[in-house]
Amino acid sequence: MHKFMFISIPFLVICSLVLAVSAAVDEGPANLKIDINKKDKKVPVFSHKKHLDMPELKDKCNQCHHTAKTGEKIKKCGECHTQAKEKDPKTGAPGFKASFHKQCALCHKKKLDRPELKKCKTCHGE
């Protein structure tokens, strides 16, 4: 009986810790609606899940979440990029539109095997 408890208690503690840590990893929403946009264009929907699943972006969250520190809650883009087009008057952070266009275009232009990713309609729809 003591041997069983000697093995089972540490096993249960380890399992509990593993579950707690895995539950604490927040991958964010599957899709994000990029809703600061001109009225004449469709509002882009960013597939966060699809980008998380890309092998070349594995563990590279800081490429988009460039201000996040390890273990810190991820901020929404609009928390720093507060203006639609202009720089934030207090922080100097680029406008929301410029930030997304720069960030998205930077990666999409590198996808030589997927020329459709370079077109506006890829994000903004038809």
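Bear in mind that the values in this text are calculations on the coordinates, not laboratory data. What you are looking at is a predicted structure, and each value in this text was computed from that prediction instead of being measured. Quick reminder, even Gly has a Cβ in these numbers, built from the backbone with ideal geometry, and neighbours come from all protein chains shown.
Determine the alpha carbon to alpha carbon distance for each of LYS69/LYS118; LYS60/LYS102; LYS87/LYS109; LYS50/LYS76; LYS33/LYS90 and list only those over 20 Å.
LYS69/LYS118; LYS87/LYS109; LYS33/LYS90
Can you sort ASP88, ASP113 so the residue with the fewest Cβ neighbours within 10 Å comes first?
Ranked by crowding around the Cβ, least crowded first: ASP113, ASP88.
Report the local net charge at ARG114: Lys and Arg +1, Asp and Glu -1, summed over other residues whose C-beta lies under 14 Å from its C-beta.
It works out to a net charge of +4.
What is the distance, in nm, between label points placed 7 Å from the Cα along the Cα-to-Cβ direction at LYS118 and at ALA68?
Placing both labels 7 Å along Cα→Cβ, they lie 3.0 nm apart.
In nanometres, what is the gap between the two model label sites at LYS111 and LYS50, each 7 Å from Cα along Cα-to-Cβ?
0.7 nm
Please compute the Kirkwood hydrodynamic radius over segment 28-124, one decimal place, Å, based on all pairs of different Cα atoms.
Averaging 1/r across every pair of different Cα atoms and inverting gives 14.6 Å.
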